[in-house]
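Bear in mind that the values in this text are calculations on the coordinates, not laboratory data. Remember, predicted model here, so these are calculated numbers, not experimental data. FYI the Cβ positions are ideal-geometry reconstructions off the backbone, even for glycines, and counts take in every protein chain you see.
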Amino acid sequence: MNALYDTHCHIDFQVFDEDRERVLKSAAEVGVERFMVPGVSAEQWPRVQQLAEQFSSWRFALGLHPWFIEKHNLNQLKELEKVLDTTHKRLRAVGEIGLDATCDNSELQRELFIEQLKLARHYRLPIIIHHRKTLETTHPLVKQYGPESGVIHAFSGSYEQAMKFVDCGYKLGVGGVITYARAQKTRQAITKVPLSSLVLETDSPDMPICGYQGQRNEPARIVEVLKVLADLREMSTDALSDVLWKNSCELFNDVPPASNDHESG
Ligand SMILES: [Zn+2]
């Protein structure tokens with residue numbers, strides 16, 4: 001089995017405080033060698049940064065996630081800019097940012113999203129995009145203000161919606177959604193888009209994989225997503241994981257682990 005990259009997991013969250021080392025170990029046992037851990041709010045940024053310094057397999061992003069809109073304000077953009085200005089070797093993206101139609105304060109969401117897109121473009125960093133019922137409004141903003149690359153986290157939608165982002169050079173995060181047979185539209189889209197546009201993710205602790213509903217999700221279960229994707233694409237998991245690893249490294253400007261970079265975690 002080739003190395004796997006969980007391109008979206010919140011393993012810095014408190015729900016992993018009790019057994020984080022074990023969670024990372026089970027993931028490593030099934031081949032997960034890299035983890036992208038996105039930021040969600042200004043108060044959480046120092047914590048994700050500190051954990052990413054501790055674990056060599058982690059990469060991280062910083063951003064203001066629409067779910068936490070009540071904690072955000074425009075002054076935090078200055079703070080974000082300050083951190084982006086001081087290059088950190090494991091800071092690889094701006095995210096998780098985006099628009100969520102089920103969250104309040106759509107005006108502030110939009111303003112924060114646009115400003116973060118501009119920052120990402122300025123610092124030439126990819127973005128990690130959250131969306132819910134907002135793919136159509138997200139696309140023109142990304143095109144107008146965003147950087148040249150990024151990922152649509154937890155892509156769910158039609159082939160046409162997918163290709164709009166793929167045509168802009170963006171990748172699609174493939175997670176637990178495709179493990180449900182009822183997700184016909186998304187499964188069809190993911191089957192048809194160019195293979196070079198796909199990366200894997202779990203969104204741990206959220207987005208349970210089919211068969212594990214009601215449980216905390218964790219990166220080791222990315223193997224289940226890989227298997228379903230291999231079936232859909234009619235490829236072997238080996239050949240598929242090889243391409244997905246390269247796609248993920250390209251997305252986050254990452255390199256394969258050097259032989260002397262096998263620290264624990
Ligand atoms: Zn997330």
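A few notes on this one:
- Under 16 Å, Cα to Cα: Lys pairs in region 4-251, sequence gap 8 or more or different chains: 11
- Electrostatic dipole magnitude of the chain [Cβ: Lys, Arg +1; Asp, Glu -1; Cα centre; debye, to 20]: 580
- Taking all Cα pairs closer than 8 Å and separated by 6 or more residues, the relative contact order of region 106-147 comes to 55 percent.
- Across all directions, the average flat footprint of the convex hull enclosing the Cα atoms of region 4-251 is 12.1 nm².
- Averaged over residues, the count of other Cβ atoms within 10 Å places the peptides 122-130, 197-205 in the sequence 197-205, 122-130, highest first.
- Gyration tensor (alpha-carbon) shape descriptor, region 99-166, a/c threshold 1.5: oblate
- Estimated [θ] at 222 nm from DSSP helical runs (n ≥ 4, -39500 (n - 2.57)) normalised by residues in the chain, nearest 500: -12000 deg cm²/dmol
- Candidates PRO38, PRO219, PRO140: whichever shows maximal mean-square fluctuation once the chain is modelled as a Gaussian network with Cα springs under 10 Å: PRO140
- Spin-label pair ASP85-GLU70: with each label point 7 Å from Cα along the Cα-Cβ axis, the two points sit 3.2 nm from one another.
- Using the Cα coordinates of region 145-239, the gyration tensor eigenvalues translate into equivalent-ellipsoid semi-axes of 21, 15, 12 Å, sorted from longest to shortest.
- Beyond 20 Å, the tail of the calculated P(r) for region 1-78 holds 35 percent of the Cα pairs.
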